Amino acid sequence: MTVIDDLLADARIPTAPHDGFDVGAALRRLATDAAVVTAPHPDTLRAAQAGQRLSVICRWILNKPDAADHVDRLAQDPDAATEDQLDVDGALVFACLLHLTDHHESAQFWWQLAAGAGHRAAAYCLHLHHLALGESREARHWLYVVTDDVIDTDTPNDVFLATLEAVAAYVRRTGTSSANAPTAGLEMEVDRLAAAEAGSCIIVQRPDRRLADRLHDFTRR
């Protein structure tokens, strides 16, 4: 044996005894430590859930059989500039389409128009929209509009809210075909409207007949 062999033999790392080592317990500790490190903050989780619920509800609204008819009326009435003249259902549908095509500021604008005219579904969308952004005060305000404001309707506010949340849960759980995402053609039409307004305003203005026709095709599928 050479001097080098002697040095290598002395440099060997001693093997630790395995007696009494609980592999299962070690793995459980590692899993617990990983969970602590990766668990999201409750506010982050709440925001993510609100965003998912909003997208589900928007898809459901966009796929309703009369959605295109309401947007068509909105497109045909360019002089309807105030809340009491607007087809508020059309404003809701258009806002949901804007949200699903990533025009979120414009979606908020159209939801606010519809909610200001007493549309509770639009107010609920605003609640989820602000909750997803972590804007708790605004989210509470719009939830109050849904649940506590006095609105002239035959459906009690708490029943209305429970119904919307049940629909969102059902659509998300079943993946029903009545909640399809916008097609590429619809998205292109929205982007066209957004580009037309880019020089003067960041808000996507009222839909036109071309977009309404595309939405008719979408809802007839």
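The values are calculated or read from the model by the stated rules, or taken from the named source; none is laboratory data. Nothing here was measured: the structure is a model prediction, and the numbers come from that model. Note that we place each Cβ from the backbone using ideal geometry, even for glycine, and neighbour counts take in every protein chain shown.
Quick rundown of the values:
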| item | result |
| --- | --- |
| Segment 59-77: number of residues that are in a helix (DSSP H, G or I), of a type outside the set (Phe, Trp, Tyr) and farther than 16 Å from residue 206 by Cβ | 3 |
| Of all residues making up segment 195-214, the number that are in a helix (DSSP H, G or I) and modelled with pLDDT under 90 | 3 |
| Restricting segment 38-50 to residues that are part of a helix (DSSP H, G or I) and surrounded by fewer than 14 Cβ atoms within 10 Å (Cβ to Cβ), the residue that is modelled with the lowest pLDDT | 38 |
| Unmet criterion (only one of (1) buried (at least 17 other Cβ atoms within 10 Å of the Cβ); (2) at pLDDT below 95; (3) of a type outside the set (S, T, N, Q)) for residue 129 | (2) |
| Residue list for segment 175-194, restricted to those being modelled with pLDDT under 90, in a loop (DSSP other than H, G, I, E, B) and either over 21 Å from the mean Cα position of the chain (by Cα) or under 21 Å from residue 92 (Cβ atoms) (or both) | 176, 180, 181 |
